[in-house]
Amino acid sequence: MVWFDLDFVWRLAFSTSLFGIGGICLKAYADSQSVFYLVLSLLIYAVGTYFFADILRHGLGFGMVMASMVDLALMVLIGVLFFGEPLEPTHYAGLAFAACAMVLFSLPATST
């Protein structure tokens, strides 16, 4: 399946990393109102979007689910580690459902 394609995994990891760094810069802008952080985050998001667009060649549904769920997990991790945001039990459940969505979308399609 596509999930084990190393090129796909590399692009997914790189795109998600850029979105994570962009999120940190955007949070810095929200806290400081410095235009530098706003411009920096927009540039980082633009590069990340380029790699994200390449992910979509594997299929819109599959690419969106994988990218969105990995991005969700990374942003939660950044929020907890860098900004001290707490996790509630419902957040843990949401992360578990995100992992389930990734597994279900990576399974081969069956015809009926």
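Every number here is computed from the coordinates shown, using simple stated rules; none is lab data. What you are looking at is a predicted structure, and each value in this text was computed from that prediction instead of being measured. Please note: Cβ atoms are built from the backbone with ideal geometry, for glycine as well, and neighbour counts cover all protein chains shown.
Confirm whether G59 is out of contact with any His (no Cβ under 7 Å at 6 or more places or on another chain) and at positive phi. Against the criterion (out of contact with any His (no Cβ under 7 Å at 6 or more places or on another chain) and at positive phi), G59 qualifies.
Each residue in the range 79-101 was checked for being touching a helix residue (DSSP H, G or I) at 6+ places or on another chain (Cβ under 6 Å) and either among the hydroxyl-bearing types (S, T, Y) or surrounded by 17 or more Cβ atoms within 10 Å (Cβ to Cβ) (or both), and 1 pass.
Yes/no per residue for (1) in contact with a Leu (Cβ under 7 Å, 6 or more places away or on another chain); (2) of a type in the set (D, E); (3) part of a helix (DSSP H, G or I):
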site: V39; (1), (2), (3): no, no, yes
site: G48; (1), (2), (3): yes, no, yes
site: L87; (1), (2), (3): no, no, no
site: A93; (1), (2), (3): no, no, yes
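When the range 55-80 is filtered for residues that are charged (D, E, K, R) and in contact (Cβ under 8 Å) with a residue 24 or more places away in the chain, only D71 remains.
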